[in-house]
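Take a look at the structure below.
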Amino acid sequence: MAPNTRIILICSGKGGVGKTTLTANLGIALARQGVRTVVLDADFGLRNLDLLLGLENRIVYTAQEVLEESCRLDQALVKHKQEPNLSLLPAGNPRMLEWLKPDDMQRIVGMLAKQFDYVLIDCPAGVEDGFKNAVSATKEAIIITTPEVSAVRDADRVIGLLNTNGIKPVQLVLNRVRPKMIESQEMLSVDDVTDILALPLLGLVLEDEQVIISTNRGEPLTLKDNISPAARCYANIAKRLQGENIPLIDPAKAGRGLRDKFMRLMQTKIF
Amino acid sequence: MTLRDILNKLLGRQQASATTARERLQLVLAHDRSDLSPELLDQMKLEILEVVAKYVEIDMDEGAVSLETEDRMTALVANLPIKRTLKAKKQDDEQSS
């Protein structure tokens, strides 16, 4: 058994802000650092983690069969071909939602924790049963949000629920950051979001078309030494999770020209 | 408020949308976190004003009761300018009559 297994829930409240993409990229990035990592798709209603990892055709058994004890855990785990340190435990049939209880979730995660250093749980959107089941099995959490009012509000709600459940630490990832829009003050800044949510920032991910291209292919960006902006962001998040001290990219300080300096002056808070 | 906000105000332009987003979020989150609906808050505001009005005369137009949050702590903040105490008011009324 790995006694120091980190069990991390990746959640957001709102759907479509990048939970599954973060789970896939973080899973690959951690595995590339040599730690035994498993990603668990807890979104039983609408599973997609298999698709983003390009493993959808290799699923034989799922978490459902493991819980029913009709197969062993290692039969259900799908090992990533290029990155064998990473395994996926696929979500079962959507009907699992009807009977799955927090106990079941804890049982599954307990089994995974014996074999892996990291268990990343891809949480379903919303704050209903699926979320509650996932929370019951986790120790720490990463909240992912985008700099939009609806996503930040939902994230706040989820943070409140995680706090009441004693989940610690809870860290923040800010996704789809557009430095130009922040510069012209047409997007909430990184500081705005961290101030409002009062969470430590684990990292930010720049808006990047490569993310869409990589999901089309089922090859997460972190699979290669990719120089695309988002790929670097995901890799940095994985390193910080491992305790490395990687400085944050400050989107507001990216430019050094006179124009950038002027824009920064214009958005300095005076009072 | 930023330099840009001040410039926009001077020129009568709309403030930057990020500022609007920040303000709207702070307000809505204060309500979400305290689980108080705007109606309940209004009702509470009226009752607080009634109680305070028993003791001092307050400026009803300038007064404000609002929820503010900082670091996930929500506080009920009441800013009620006192015109004069009721004692002083009584004396004034007696003098004028």
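Side notes on the structure shown:
- Considering only Cα atoms, the convex hull volume of segment B:1-40 works out to 78 Å³ per residue.
- Range in chain B, longest, excluding exposed trypsin sites (Lys or Arg not before Pro) [loop by DSSP; at most 13 other beta-carbon atoms within 10 Å]: B:55-97
- Compactness of segment A:140-213 - radius of gyration and Dmax, Cα, Å: 12.7, 39
- Residue by residue along A:151-162, Cβ atoms of other protein chains within 10 Å of the local Cβ number 2 on average.
- Amide hydrogen neighbours beyond the local backbone of A:Arg6, cut-off 5 Å, H modeled: A:Tyr118, A:Val119
- Tail beyond 21 Å, pair distance distribution of segment A:7-83 (Cα, percent): 29 percent
- Relative contact order of chain A: 24 percent, from C-alpha pairs under 8 Å at least 6 residues apart in sequence.
- Against the rule of thumb 2.2 N^0.38 Å, how large the Cα Rg of segment A:1-139 comes out: 0.93
- For the residues B:Ala16, B:Ala78, B:Ala30, a GNM of chain B with alpha-carbon springs under 10 Å puts the largest fluctuation on B:Ala16.
- For chain B, a simple Cβ point-charge model (Lys and Arg +1, Asp and Glu -1, everything else neutral) yields a dipole of about 380 debye relative to the Cα centre.
- The mean of 1/r over all distinct Cα pairs in chain B, once inverted, gives the Kirkwood hydrodynamic radius of 16.4 Å.
- A:Val149 versus B:Glu70: modelled label distance in nm, points set 7 Å from Cα along the beta carbon direction: 2.4 nm
- Here B:Lys9 is the anchor, and the lysines within straight C-alpha reach of less than 29 Å, apart from those fewer than 8 places off in the same chain, are A:Lys180, A:Lys253, A:Lys261, A:Lys269.
- Taking the protein assembly as shown as a whole, the Cys residues whose C-beta sits 4.7 Å or farther from every other Cys C-beta are A:Cys71, A:Cys233.
- Residue exposure sequence - A:Met187, A:Met181 - by fewest surrounding Cβ within 10 Å: A:Met181, A:Met187
- For A:Ile7, A:Ile159, A:Ile143, the sequence from fewest to most other C-beta atoms within 10 Å is A:Ile7, A:Ile159, A:Ile143.
- 23 Å tail of the calculated P(r), chain A, as % of Cα pairs: 51 percent
- Exposure proxy order (Cβ contacts within 10 Å, fewest to most) of A:Tyr118, A:Tyr61: A:Tyr61, A:Tyr118
- Compared with the dominant principal axis of the Cα atoms in chain B, helix B:38-53 is inclined by about 30°.
- For the residue pairs A:Lys132/A:Lys239; A:Lys132/A:Lys168; A:Lys14/A:Lys168; A:Lys101/A:Lys139; A:Lys168/A:Lys239, the C-alpha atoms sit more than 24 angstrom apart in A:Lys132/A:Lys239.
Laboratory data are not the source of any read-out in this text; all were calculated from the coordinates shown. All of these numbers come straight from a predicted model, not from anything done at the bench. Glycine gets a Cβ as well: all are built from the backbone with ideal geometry, and neighbour counts include every protein chain shown.
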